[in-house]
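The values are calculated or read from the model by the stated rules, or taken from the named source; none is laboratory data. Just so it is clear, the model here is predicted, and its values are computed rather than measured. Cβ sites come from the backbone with ideal geometry, for glycine too, and all protein chains shown count toward neighbours. Note: accessible area is taken over every heavy atom of the protein model, side chains too, but ligands, DNA and RNA are not part of it. Shrake-Rupley method; radii C 1.70, N 1.55, O 1.52, S 1.80 Å.
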Amino acid sequence: MSVESQKKAAAEEAARHIVDGAVVGLGTGSTANYFIQALANRKLNVTCIPTSKASRELGEKLGLKMGSLETHPYIDVTVDGADEFDADFRLIKGGGGAMLREKLVASSSRFMVVIADQSKQVKTLGKFPLPIEVSMFGVKATAWKIERAFEFLKLKGQMTLRVRDGKPFVTESGNAIIDCALGAIPDPDKLDGILNNTPGVIETGLFIGICGVVYLASDKGVKELKRA
Ligand code: 5RP
């Protein structure tokens, strides 16, 4: 099965579990797009809370009813993709730059379900560069503080300000993103704690203790994995 077919299969499996009347958080990215399509195909009476303009537009185009975190602060289930997940269902997200809203929506949900192709499952997080969303004000000063945090944790890596069309990438919340290629992250919980205490850091791409279920697709089909 190709990677795209795996993403689609995982998305369709997640959509099969959504019940009528649910409030559903919509993730962002190519796998999440397959879910939005699969959910629309089911023609249920659900209200969707999108995590980005792109997911809102796709959902609206497909006829899904949209709400927001303001109208629906309590969400039944959020279904989203991920850049990586480990055995404890800790995630790296933010490849698409939507992780602040993705984390706000997922953490407001009774369940967060990740849909993934086989390539997203890792033993140790960190092969995918960790995105860190930072305030536009004082980006260099924040980057310097983040670098000190990495040194303290004996992590080495390349930090790159995300750029789009030759200009700093701006998130939907008006912030910048620094992508940090760290290699293996032996203690993601500690790293996340330190980064979240760093002035200028708005949010990290580490999702810890949020995801409860993963629909993982491979050549053999889709497996439902539950966090221990
Ligand atoms: C966007 C994300 C995406 O879920 C992540 O990048 C995976 O994307 P894709 O499903 O396209 O592989 O975190 O911010």
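List the extent of the Cα atoms of region 5-65 along each of their three principal axes, largest first, rounded to whole Å.
26, 24, 16
Could you order peptides 205-215, 134-144, 74-84, 176-186 by the average number of other Cβ atoms within 10 Å of their residues, highest first?
Ranking the peptides 205-215, 134-144, 74-84, 176-186 by packing returns 74-84, 205-215, 176-186, 134-144.
Write down the radius of gyration of the chain and its Dmax, each obtained from C-alpha positions, in Å.
For the chain, the Cα radius of gyration and maximum Cα-Cα distance read 17.2, 51 Å.
Between 92, 126, 149, whose Cα lies farthest towards the positive end of the dipole of region 80-228 when Lys and Arg beta carbons carry +1 and Asp and Glu beta carbons carry -1, centred on the Cα centre?
My answer, from the dipole projection, is 149.
Near residue 183, within a Cβ-to-Cβ distance under 10 Å, what is the net charge of the other residues, with Lys and Arg +1 and Asp and Glu -1?
Here the count lands on +2.
Hey, can you find the accessible area per residue of region 80-127 for me, probe 1.4 Å, expressed in square angstrom? Before the final figure, lay out each step's value.
Details: 1810 Å² over 48 residues.
Averaged over the residues of region 80-127, the accessible area is 38 Å².
Among the listed pairs 7/154; 7/65; 43/120; 190/223; 61/220; 156/220, which have their C-alpha atoms separated by more than 27 angstrom in this model?
7/154; 43/120; 190/223; 61/220; 156/220, as the Cα separations exceed 27 Å there.
In debye to the nearest 20, how big a dipole does region 109-155 give about its Cα centre with +1 on each Lys and Arg Cβ and -1 on each Asp and Glu Cβ?
120 debye
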